[in-house]
Every structure is written in structure tokens, then in C-alpha cells.
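In what follows, a single structure is set out as C-alpha cells and then discussed.
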Amino acid sequence: MPPQNSDWWLFAIQHWAYCVLAVVLAAGSYTDVRYGKIYNWITYPGVLIGLAGHAIVGGLAGQDQVRIGLAGSAAGLAVGYLPLMLAFLAGGIGGGDAKLMGAVGALTGWRFTLAAMMYGFVVAAVMAIVVMLAKRVARQTLRRMWWSLVLVIKARQATDPATPESPKIPFGLALCIGSGIALVEVLVRGPVASKLLMGF
């Protein structure tokens, strides 16, 4: 093992998780577009590598925002996985999407994961708008969403605003793109990365 003050060691500590993340995002993007799924063989290794790698590099409690340790990795896993798993149980998204963000969290920590989810939701919204406009169903979709909201406000049982004809978007791909944007933020030290203390 090279001495810890060497340039190689510093580079490895700063970038190993981001390299693994890039592979996970590339594989997840491909399978979501090609097959409409993000498979366990993509997400589970990402989670395990994140937890084990950060435990080795940062110990149990972590040392800083890069060497987040096992605790920081587990916190990222929870922040990425639990909210989307609730959405999956409610029937809103696929289970692979939740597992993907769990892997992102385990590899990068909770701060990065929050930013990645924020970007992912924005990308998904843009995708949905583009698809609705392209299929010329924006008015019908907005009308169904409006009446569902009215029923919720009136404390009545709302019907699902989606129909078999409703436009579908690859939400996993949107999350991958959002995570990729967050990764670029970290590497170039953009304003979001600086504010959230993401990365090195």
C-alpha cells in the first residue's frame, strides 16, 4: 500500500466511490431504457461496496465529508432508499428506483443523495412535460391531476390520475441523470456542492 500522503492515495480516497457510482449509473441508465428495469445485480453490489468501502476508508464514524465511514454510508442508504420505497409501496415507482438511490446513498452519503434526488425529480418533471406535449395529452393529464387533488382536499377517496394511455417516463433514468448532475457538481465544486458540503 502506498504511503497515505502520496498523490495516488489521496486521489484514491477522494474518487473511489465516485468511480463505482459512475458504473452503477451507467448500467442503471442502460437497463432502465432498454428493459424498463434497474436490476438487483446493479444496485446490491453498489450498496455493499459503499458500506464496506467507507468502513475501510473512514472507519465506523467517519472523518470528514469524503471519508464518511460506515455511519455516513448507512445514513446515505437510508435517505436514498426509504422515501422512494414508500413511494414504491404506494404504487408510484418501481422497486429498482428505490434500490438505485439506496446504492447512491451508500456510496456518497446523505448530502449528495439529497441533491441527486432533487436533480432527479426536476429531470423527471421535464421528461413528463416533454412527453405530454409530444403526445398532446397535457390538458387531459392536468385535468385528471386537478380533480384528484380536489377529491383529496375534500377528504374523499381520490382515483389514480394515471390511465393506461397516460404517458410514461423512465424514472430510473431521471434519477441516474440527476445523480450524474450531482456528481458533476462535486467534481467542479459547484454552488450546490459547496452549500451541502458534498465531496472533497
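Using a cut-off of 10 Å between beta-carbons, work out the net charge of the residues near G172 (Lys and Arg +1, Asp and Glu -1, G172 not included).
It works out to a net charge of 0.
Efficiency by 1/(1 + (r/R0)^6): what FRET value for L187 and K37, r their Cβ-Cβ distance, R0 = 35 Å, to the nearest 0.05?
0.75
Going by how many other beta carbons lie within 10 Å of each one, how would you line up T43, T113, T31, T108, fewest first?
Listed from fewest to most nearby Cβ atoms, that is T31, T43, T113, T108.
Hey, for a label at A90 modelled as a point 7 Å past Cα toward Cβ, could you say which residues of region 99-134 have their backbone N under 17 Å away?
Within reach of a label on A90, which here means backbone N under 17 Å from a point 7 Å along Cα→Cβ, region 99-134 contributes 99, 117-118, 121-122, 124-125.
Output wanted: per-residue J couplings in Hz (rounded whole) for region 43-51, from phi through Karplus 6.51 cos²θ - 1.76 cosθ + 1.60, θ = phi - 60°, x for Gly and Pro.
Running phi through 6.51 cos²θ - 1.76 cosθ + 1.60 with θ = phi - 60° gives 7, 4, x, x, 5, 5, 5, x, 5 Hz.
Values quoted throughout were computed directly from the atomic coordinates according to the rules given, and no laboratory measurement underlies them. Being a predicted model, the structure only gives us computed values, none of them experimental. Note that each Cβ is placed from the backbone with ideal geometry, even for glycine, and that neighbours are counted across all protein chains shown.
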